[in-house]
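A.B. asks: The structure follows.
The values are calculated or read from the model by the stated rules, or taken from the named source; none is laboratory data. Since the structure is predicted, the reported quantities are computational estimates derived from the model, not experimental observations. For neighbour counting, all protein chains shown are included, and Cβ atoms are generated from backbone atoms with ideal geometry for every residue, glycine included.
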Amino acid sequence: MKINLFIAALFWSALAFGQIRGVVQGADSVQTKPLKNVKITLLGAGTTVYSNEDGTFEILLGKQQPDTLLFVAKGYRSDRLVVTRSDRFLALNVVLVSGQLVQEIIVSKQKDAHGISKLKTLHVEELTSAEFRKAACCNLSESFETNATVDVSMSDAISGAKKIQLLGLDAVYTQLQFENIPFLRGLESAFGMSVIPGTWLESIQITKGTGSVVNGYESMAGLVNFEFKKPKELPRLGLNLYQNRFGRTELNLQGGQQLSERWHMGLFASGAAVYGNFDDNNDGFRDQALSNTFNLLQRFSYQGPRMEAQLGVQAYADQKIGGQSSYTKASPVGYGMQLASEHLSVFSKTGFFGKKPAQSLGVIAQFKYQNMSGLYGLRNFSGREKRGYLNVIYDDIIFSADHKIKAGASFQVLSLSQWAGQPFGAEVVGADRTEWVPGLFAEYAYTGNRLSAVVGARFDQHNLAGGQFSPRAHFKYALTPQLDARLTAGRAWRLPNFVVDNLSLLASSKNWLAPQALQPEVSWNVGASLVQGFTFKKRKGSLSLDAYHTRFSQQLVADRDSLSGAVVFKNLSDNSLATVLQAEFSYALLRGLDLRLAYKFQDVRALFNGEFQTQVLLPRQRIFANLGYQTRNKRWAYDLTYSRYSAVRLPQGGQGNPWGLLNAQVTRNWKQLELYAGGENLLNVMQHHPIIGAQDPFGEAFDATEIWSPIMGWNVYFGLRFTIK
């Protein structure tokens with residue numbers, strides 16, 4: 001009976017409510033531009049939403065009709081609009097007029113901590129700062145611990161580096177961006193996720209499938225965009241302190257200052273150290289590498305009547321020492337791992353507004369320098385990278401705001417020198433490379449009452465890979481006011497680097513057998529999703545179902561099955577694919593008590609040792625559950641997250657066991673202070689004998705890369721967040 005009532009509630013919500021959406025713009029004597037954070041309230045229904053970065057909004061019309069929409073924005077005259085049932089699916093264009101006599105209204109913006117954007121045509125899942133507070137989130141890789149879409153795993157048992165996977169594919173197939181600027185590419189891709197503090201984050205947007213052609217050609221599995229906190233919105237001082245039982249300490253500082261009416265500055269600083277020399281499995285090796293990391297980011301923002309700009313510079317230094325417990329830098333006796341990384345990058349984002357609404361020209365530029373050197377036992381490696389990036393984007397509308405175009409040109413240049421030694425013999429793998437990649441792109445976006453579409457294409461001329469054409473199309477259709485269907489398809493490509501992409505495989509005695517020539521990796525991705533929102537017993541919920549299939553026409557794979565003593569890198573043609581199905585359900589069980597459940601199935605296969613087999617070390621199934629509770633006065637917050645992973649295939653015919661991960665955290669809030677304490681891996685799951693041949697680390701059988709579950713036991717941590725607004 002309860003199931004029937006629940007299904008009836010879904011249909012009633014679709015029939016009784018109507019969806020109204022549009023864009024809010026602000027007009028003064030100089031220009032008209034989209035307004036974000038505009039408070040939009042249905043007075044009769046008592047529903048409130050806030051406009052997004054591009055001024056768009058979406059709100060459900062309640063049972064009481066007609067009703068009145070109230071638009072309130074700081075510095076602009078408020079406006080009202082009467083709406084009725086006949087206005088369902090209307091695309092409104094609301095223009096608020098600037099006024100000096102408007103009383104300043106201070107409002108608090110509350111967004112969902114986690115959810116799929118209803119407004120975007122592409123399948124975009126957004127994580128906000130409220131989601132990050134559910135866990136310690138000391139670095140970027142740990143920011144996905146309460147998320148079912150992105151998987152996090154350990155790359156090897158020596159360095160302890162973590163990597164992410166999207167749609168069953170490693171992070172190299174996901175385009176990572178920092179506010180639409182290329183991020184964590186090249187040499188820093190192996191360890192960069194653990195260097196950037198998670199407390200710097202404002203939000204994360206996860207796009208499944210091929211993304212927009214405006215952002216580049218490399219989003220084969222998807223795109224992850226990291227939004228850092230903006231200078232204008234930073235507190236005067238923000239402090240985060242973290243300590244866990246394994247001897248990991250972090251101190252993160254951030255602060256903002258208004259330099260003038262139009263200029264703001266933000267400063268981010270971080271220091272982290274791991275000093276705990278633990279060996280809980282008694283194999284003679286540290287369970288985690290010792291490390292020291294210093295990171296500094298300074299950024300500026302400018303907002304004028306005709307242009308906006310973001311400028312910044314980032315620098316960090318990271319040193320790691322791992323291996324046998326007795327191995328130190330001062331006494332390098334036995335098997336050891338050393339890593340030293342230095343990074344410097346400068347970036348700018350500049351936007352120029354045209355005379356017409358929604359007309360603009362954006363210029364994104366970046367220069368990056370990365371230096372890295374170290375060793376794994378007898379294997380030395382080094383690399384030096386210089387990278388430049390330029391992207392020029394023109395935005396405009398055609399006839400009306402329902403038809404938008406983007407067009408532009410990009411240019412990338414890369415100078416990379418790299419070297420990696422073999423453990424046995426005099427062979428050396430690695431090659432220097434220089435890349436030049438000019439590109440052109442164009443994209444058309446249509447926003448109708450129910451149907452929206454984004455269709456684009458780009459052409460890039462690579463000096464090594466030749467000309468590459470990348471068409472992409474995305475569609476969204478509102479079947480009902482609360483049920484959205486999406487379709488996506490597109491082509492993406494990248495030029496692989498078998499040394500950088502597989503740096504963790506140096507933690508073994510296996511030789512590398514590289515192909516004579518590298519070919520570009522090319523994939524086609526198709527996907528579909530359904531997202532149903534509903535209200536049951538006056539509490540909101542959602543159900544999403546999605547399926548994505550990635551087929552590689554060309555892919556470079558690391559075959560660990562063909563030879564027991566070597567990793568064989570092969571160029572495969574039409575012999576690798578990935579299919580991922582995911583279902584996710586969220587519902588507010590009680591006021592302040594939220595439940596999120598998810599199930600994911602992954603079928604990732606390629607040609608290994610002449611057979612079409614499942615990818616090694618990748619679980620085919622994952623079950624996810626997250627339960628969060630916040631008291632009505634918001635002083636206490638409790639979070640519990642559990643993930644269950646299926647067995648994995650190991651190289652040479654082995655199999656890892658299923659396992660589960662349980663994390664929990666409790667937070668106490670005051671006006672300026674938060675205290676939090678939590679536990680990780682509370683079930684104390686540990687992989688027995690994670691290092692093969694640990695007793696003979698310089699022998700031919702040594703391998704520390706077959707990691708499929710935690711190698712460290714239970715952990716407890718505590719910390720504080722202090723803010724002066």
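A.B. asks: How about region 445-470: which of its residues are part of a strand (DSSP E or B) and surrounded by fewer than 15 Cβ atoms within 10 Å (Cβ to Cβ)? If you could, list the steps in order and put the result at the bottom.
C.D. replies: Of the residues in region 445-470, the ones part of a strand (DSSP E or B) are 445-447, 451-462, 466-470.
Across region 445-470, the qualifying residues are 451, 461, 466, 467, 469.
A.B. asks: Let me ask you something else. I'm told residue 406 meets every condition in (1) touching a residue at least 40 places away in the same chain (Cβ under 8 Å); (2) surrounded by fewer than 17 Cβ atoms within 10 Å (Cβ to Cβ) except one. Can you identify the failing condition by its number?
C.D. replies: (2)
Quick grid of which residues meet (1) in contact (Cβ under 8 Å) with a residue 40 or more places away in the chain; (2) surrounded by fewer than 18 Cβ atoms within 10 Å (Cβ to Cβ); (3) not charged (D, E, K, R):
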position: 660; (1), (2), (3): no, yes, yes
position: 666; (1), (2), (3): no, yes, yes
position: 676; (1), (2), (3): yes, no, yes
position: 688; (1), (2), (3): yes, yes, yes
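A.B. asks: Something else about it: Would it be correct to say that residue 500 is in contact with a Gly (Cβ under 7 Å, 6 or more places away or on another chain), under 23 Å from residue 390 (Cβ atoms) and buried (at least 20 other Cβ atoms within 10 Å of the Cβ)? Can you show your working first?
C.D. replies: Details: in contact with a Gly (Cβ under 7 Å, 6 or more places away or on another chain): yes; under 23 Å from residue 390 (Cβ atoms): yes; buried (at least 20 other Cβ atoms within 10 Å of the Cβ): yes.
Answer is yes for this residue.
A.B. asks: Let me ask something additional. Over 30 Å from residue 540 (Cα atoms), out of contact with any strand residue (DSSP E or B) (no Cβ under 9 Å at 6 or more places or on another chain) and part of a loop (DSSP other than H, G, I, E, B) - does that describe any residue in region 518-527?
C.D. replies: Checked region 518-527: no residue is over 30 Å from residue 540 (Cα atoms), out of contact with any strand residue (DSSP E or B) (no Cβ under 9 Å at 6 or more places or on another chain) and part of a loop (DSSP other than H, G, I, E, B).
A.B. asks: Now for a separate question. Looking at region 567-584, which of its residues are out of contact with any Phe, Trp or Tyr (no Cβ under 6 Å at 6 or more places or on another chain) and surrounded by fewer than 16 Cβ atoms within 10 Å (Cβ to Cβ)? If you could, list the steps in order and put the result at the bottom.
C.D. replies: Looking only at region 567-584, we keep the residues that are out of contact with any Phe, Trp or Tyr (no Cβ under 6 Å at 6 or more places or on another chain), and these are 568, 570-575, 577-579, 582, 584.
573, 574, listed by residue number.
A.B. asks: Let me ask something else. Which condition does residue 637 not pass, out of (1) part of a strand (DSSP E or B); (2) closer than 24 Å to residue 246 by Cβ; (3) out of contact with any Asp or Glu (no Cβ under 8 Å at 6 or more places or on another chain), if it passes all the others?
C.D. replies: Evaluating residue 637 over (1) part of a strand (DSSP E or B); (2) closer than 24 Å to residue 246 by Cβ; (3) out of contact with any Asp or Glu (no Cβ under 8 Å at 6 or more places or on another chain) leaves (2) as the failure.
A.B. asks: Right, another one. Do you know which residues across region 703-714 are modelled with pLDDT of 95 or more, over 25 Å from the mean Cα position of the chain (by Cα) and either surrounded by fewer than 16 Cβ atoms within 10 Å (Cβ to Cβ) or of a type outside the set (Asp, Glu) (or both)?
C.D. replies: The answer is 704, 714.
A.B. asks: Let me ask another. Out of everything in region 616-638 that is over 22 Å from the mean Cα position of the chain (by Cα) and in contact (Cβ under 8 Å) with a residue 40 or more places away in the chain, what residue ends up being surrounded by the most Cβ atoms within 10 Å (Cβ to Cβ)?
C.D. replies: Going through the qualifying residues, I end up with 616.
A.B. asks: Out of all the residues in region 474-484, which are among the hydrophobic types (A, V, I, L, M, F, W, C) and either surrounded by 15 or more Cβ atoms within 10 Å (Cβ to Cβ) or outside any strand (DSSP E or B) (or both)? Write out each step before concluding.
C.D. replies: Step one: of region 474-484, the residues among the hydrophobic types (A, V, I, L, M, F, W, C) are 475, 478-479, 483.
Residues satisfying the conditions are 475, 478, 483.
A.B. asks: List the pairs whose first member sits in region 363-389 and is more than 17 Å from residue 431 (Cβ to Cβ), whose second member is crowded, with 20+ Cβ neighbours inside 10 Å and of a type in the set (Val, Ile, Thr), and whose Cβ atoms are under 7 Å apart, counting only residues at least 6 apart or on separate chains?
C.D. replies: Pairs that qualify, where the first residue is more than 17 Å from residue 431 (Cβ to Cβ) and the partner is crowded, with 20+ Cβ neighbours inside 10 Å and of a type in the set (Val, Ile, Thr), are 364/181; 366/181; 376/158.
Here is a yes/no grid of residues against (1) without any contact (Cβ under 8 Å) to a residue 12 or more places away in the chain; (2) among the polar types (S, T, N, Q); (3) touching a Leu at 6+ places or on another chain (Cβ under 7 Å):
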{"site": "444", "(1), (2), (3)": "no, no, no"}
{"site": "486", "(1), (2), (3)": "no, no, no"}
{"site": "529", "(1), (2), (3)": "no, yes, yes"}
{"site": "535", "(1), (2), (3)": "no, yes, no"}
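A.B. asks: Also, quick follow-up: Looking at 182, 197, can you tell me which residue is of a type outside the set (A, V, I, L, M, F, W, C) and crowded, with 24+ Cβ neighbours inside 10 Å? Steps first, please.
C.D. replies: On the way: 182 fails: crowded, with 24+ Cβ neighbours inside 10 Å.
When all the criteria are applied, what remains is 197.
A.B. asks: Checking the condition in contact with a strand residue (DSSP E or B) (Cβ under 8 Å, 6 or more places away or on another chain), aliphatic (A, V, I, L, M) and closer than 30 Å to residue 724 by Cα, which residue from 648, 666, 616 passes?
C.D. replies: Numbers: 648 fails: closer than 30 Å to residue 724 by Cα; 616 fails: closer than 30 Å to residue 724 by Cα.
Of 648, 666, 616, the one residue that is in contact with a strand residue (DSSP E or B) (Cβ under 8 Å, 6 or more places away or on another chain), aliphatic (A, V, I, L, M) and closer than 30 Å to residue 724 by Cα is 666.
A.B. asks: Is it fair to say residue 169 is at pLDDT 95 or above, at negative phi, surrounded by fewer than 21 Cβ atoms within 10 Å (Cβ to Cβ) and not β-branched (Val, Ile, Thr)? Steps first, please.
C.D. replies: Working: at pLDDT 95 or above: yes; at negative phi: yes; surrounded by fewer than 21 Cβ atoms within 10 Å (Cβ to Cβ): no; not β-branched (Val, Ile, Thr): yes.
No; evaluated as a whole, the condition is false for this residue.
A.B. asks: Output the residues belonging to region 555-566 that are more than 18 Å from residue 174 (Cβ to Cβ), at pLDDT 95 or above and either in a strand (DSSP E or B) or not assigned by TED's automatic domain parsing to the domain that holds residue 616 (or both).
C.D. replies: If the condition is that a residue be more than 18 Å from residue 174 (Cβ to Cβ), at pLDDT 95 or above and either in a strand (DSSP E or B) or not assigned by TED's automatic domain parsing to the domain that holds residue 616 (or both), then 559 is the only one that fits.
A.B. asks: Look at residue 700 and say whether it is buried (at least 20 other Cβ atoms within 10 Å of the Cβ), among the acidic types (Asp, Glu), touching a residue at least 60 places away in the same chain (Cβ under 8 Å) and more than 19 Å from residue 276 (Cβ to Cβ). Write out each step before concluding.
C.D. replies: On the way: buried (at least 20 other Cβ atoms within 10 Å of the Cβ): no; among the acidic types (Asp, Glu): yes; touching a residue at least 60 places away in the same chain (Cβ under 8 Å): yes; more than 19 Å from residue 276 (Cβ to Cβ): yes.
Here the answer is no, as residue 700 does not meet what is asked.
A.B. asks: Does residue 579 qualify as being modelled with pLDDT under 95, assigned to a strand (DSSP E or B) and β-branched (Val, Ile, Thr)? Step through it out loud before you land on a result.
C.D. replies: Numbers: modelled with pLDDT under 95: no; assigned to a strand (DSSP E or B): yes; β-branched (Val, Ile, Thr): yes.
So residue 579 does not fit the description; no.
A.B. asks: Output yes when any residue across region 664-676 is more than 22 Å from residue 156 (Cβ to Cβ), β-branched (Val, Ile, Thr) and either within 28 Å of the chain's Cα centre (by Cα) or not in a strand (DSSP E or B) (or both), and no when none is.
C.D. replies: Initial filter on region 664-676 (more than 22 Å from residue 156 (Cβ to Cβ)): 664-676.
Adding the requirement that they be β-branched (Val, Ile, Thr) leaves 666-667.
After this cut, where a residue has to be either within 28 Å of the chain's Cα centre (by Cα) or not in a strand (DSSP E or B) (or both) as well, the list is 666-667.
The answer is yes, given that some residue of region 664-676 is more than 22 Å from residue 156 (Cβ to Cβ), β-branched (Val, Ile, Thr) and either within 28 Å of the chain's Cα centre (by Cα) or not in a strand (DSSP E or B) (or both).
A.B. asks: Is it the case that some residue within region 422-431 is touching a residue at least 60 places away in the same chain (Cβ under 8 Å), out of contact with any helix residue (DSSP H, G or I) (no Cβ under 8 Å at 6 or more places or on another chain) and not in a loop (DSSP other than H, G, I, E, B)?
C.D. replies: The answer is no, given that none of the residues of region 422-431 is touching a residue at least 60 places away in the same chain (Cβ under 8 Å), out of contact with any helix residue (DSSP H, G or I) (no Cβ under 8 Å at 6 or more places or on another chain) and not in a loop (DSSP other than H, G, I, E, B).
A.B. asks: Next question, about the same structure. Taking the options 599, 587, 548, name whichever one is without any contact (Cβ under 8 Å) to a residue 40 or more places away in the chain and either under 26 Å from residue 219 (Cα atoms) or surrounded by 15 or more Cβ atoms within 10 Å (Cβ to Cβ) (or both). Before you say what the answer is, go through the steps one by one.
C.D. replies: On the way: 587 fails: without any contact (Cβ under 8 Å) to a residue 40 or more places away in the chain; 548 fails: without any contact (Cβ under 8 Å) to a residue 40 or more places away in the chain.
After ruling out the rest, the residue left standing is 599.
A.B. asks: Tell me which residues, restricted to region 355-374, are surrounded by fewer than 19 Cβ atoms within 10 Å (Cβ to Cβ) and within 17 Å of residue 332 (Cα to Cα).
C.D. replies: Result: 373, single match.
A.B. asks: So, in region 686-725, how many residues would count as being under 16 Å from residue 288 (Cα atoms) and assigned to a loop (DSSP other than H, G, I, E, B)?
C.D. replies: Summing the residues that are under 16 Å from residue 288 (Cα atoms) and assigned to a loop (DSSP other than H, G, I, E, B) in region 686-725 gives 18.
Quick grid of which residues meet (1) in the same structural domain as residue 525 (by TED's automatic domain parsing); (2) under 30 Å from residue 703 (Cα atoms); (3) at pLDDT 95 or above:
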site: 607; (1), (2), (3): yes, yes, yes
site: 610; (1), (2), (3): yes, yes, no
site: 626; (1), (2), (3): yes, no, yes
site: 632; (1), (2), (3): yes, no, no
site: 647; (1), (2), (3): yes, yes, yes
site: 650; (1), (2), (3): yes, yes, yes
site: 663; (1), (2), (3): yes, yes, yes
site: 671; (1), (2), (3): yes, no, no
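A.B. asks: Could you tell me how many of the residues in region 604-615 are touching a Phe, Trp or Tyr at 6+ places or on another chain (Cβ under 9 Å) and touching a residue at least 60 places away in the same chain (Cβ under 8 Å)?
C.D. replies: Result for region 604-615: 1.
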